[in-house]
């Protein structure tokens, strides 16, 4: 059966999402479900769940991997490649432009005031997106709720995500729904990755950037936000490419630009070695997740309809949503600093709940103006 959409349609959609899609991974994957599964009916619920499960199992940025998989569903490697590029390119261009301004003027003094309002609104957007994912993915299944709750608590307590919890959640639900009859159960597991590593003899900065960011893209699981602690350790502490203020500015830039949050790597690369550094950092980060999405994809497509695989995917999805919901709590603790930010976040949630068709970029712009006003007048 031929798809009801063309590859051009899908590329244009992800080009738009990469241009105006605010709110981080939880929001972005929610937009994909709303637009492609519910509204346009381009992607089936099962294909979406398989893509989300694969994206959560494999290392790298969650939203970008899901986009790549959805491009693969009907248009295989060409679709995955072009959709991935369309999704990442807009935010890459914006981040590089901001990197140019940053280096030209010696900092972004205004960004803290703008980020003050935006970060609070982003928390509200992510919270509402997580709520929608929970209601759609888990429903009234008590076992899935248990998987969700345990993963959320683990994420909140450790402030990290574990691929083992996703695997355990998938296997546990598969056994619960399809008790074994003393036969071997073959499940899909993430491909091992032992190909990337840095040679101590390498001294060229570009090579160091490529090796470091490839490792970041290959070994950090979960959402794009999960990469931030890893980057801080290498960029600030080990290589001393940036100081702490520059690094926090890089994270802020990623949060106020649309598209995948992990695009902060391009801003960091630009500060280290200009445009070449930005390109190498971005390519090195996204290439592993691209390969680890398209290589297992045929097996997900082939075996995805088997009852055990469906149960396995449902269990992983519940764990993934739990981890995302836990991340909302962690981000809220760091972003909601006072009564003003709490009010902005709650107001954002109310507006999204009350006005279903309200576009997130409108809220982001409004929050930026409110934040700038509050800081300017020291309210």
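Give me the number: length gained by fully extending residue 45 to residue 81, i.e. 0.36 nm times residue separation minus the C-alpha to C-alpha distance, one decimal in nm.
Full extension of this stretch gives 10.8 nm more.
Provide, as a two-decimal number, the C-alpha radius of gyration of the range 299-359 over 2.2 N^0.38 Å, N being how many residues it has.
This ratio for the range 299-359 stands at 1.71.
Calculate the FRET efficiency for residue 306 and residue 175 from the Cβ-Cβ distance with a Förster distance of 22 Å, rounded to the nearest 0.05.
For R0 = 22 Å, the calculated efficiency reads 0.95.
To one decimal place, what orientation-averaged projected area in nm² is obtained for the convex hull of the Cα set of the range 242-336?
8.1 nm²
Of the residues 298, 179, 288, which exhibits the maximal mean-square fluctuation in a Gaussian network model of the chain defined by a 10 Å Cα contact cut-off?
The residue with the greatest mean-square fluctuation here is 179.
Over every pair of different alpha-carbon atoms in the range 79-132, take the mean of 1/r and invert it; report that Kirkwood radius in Å.
13.7 Å
Given N residues in the range 277-323, what is Rg(Cα) / (2.2 N^0.38 Å)?
Compared with the compact-globule rule of thumb, the range 277-323 sits at 1.57.
Given 0.36 nm per residue, what is the gain on full extension from residue 142 to residue 7 after removing their alpha carbon distance, in nm?
Net length gain for the segment: 44.7 nm.
Tell me, what is the FRET efficiency for residue 97 and residue 355 to the nearest 0.05, using R0 = 30 angstrom and their Cβ-Cβ distance as r?
Efficiency for this residue pair is about 0.45.
By how many degrees, between 0 and 90 and to the nearest 10, does the Cα long axis of helix 205-219 differ from the longest principal axis of the chain?
40 degrees
Highest first, please rank the peptides 47-57, 261-271, 71-81, 136-146 by the mean number of other Cβ atoms sitting within 10 Å of their residues.
261-271, 47-57, 71-81, 136-146
So what's the angle, to the nearest 10 degrees on a 0 to 90 scale, between helix 244-256 and the longest Cα principal axis of the chain?
60 degrees
On C-alpha positions alone, give me the angle between the axis of helix 142-158 and the longest principal axis of the chain, in degrees, nearest 10.
The angle comes out at about 30 degrees.
As an exercise, find the ratio Rg/Rh for the range 1-72 from alpha-carbon atoms, using the Kirkwood inverse-distance average for Rh.
In the range 1-72, Rg relative to Rh is 0.93.
Quick check: from the Cα gyration tensor, does the range 1-144 come out rounded (a/c under 1.5), prolate or oblate?
Oblate shape, in that a/c is at least 1.5 and b/c is the bigger or equal ratio.
Per residue of the chain, what 222 nm ellipticity follows from adding -39500 (n - 2.57) for every DSSP H run with n ≥ 4, rounded to the nearest 500?
Per the formula, -24500 deg cm²/dmol.
Principal axes first, then extents: for the Cα atoms of the range 69-170, list largest minus smallest coordinate on each axis, whole Å, largest first.
On the principal axes, the range 69-170 reaches 54, 38, 24 Å in Cα extent.
Work out, step by step, the length gained on full extension between residue 339 and residue 275: first 0.36 nm times the residue separation, then minus their alpha carbon distance; give nm to one decimal.
19.1 nm
Rule-based calculations on the coordinates, nothing more; no lab input. Because the structure is a prediction, the values reported are computed rather than measured. Every residue, glycine among them, receives a Cβ derived from its backbone with ideal geometry; neighbour counts consider all protein chains shown.
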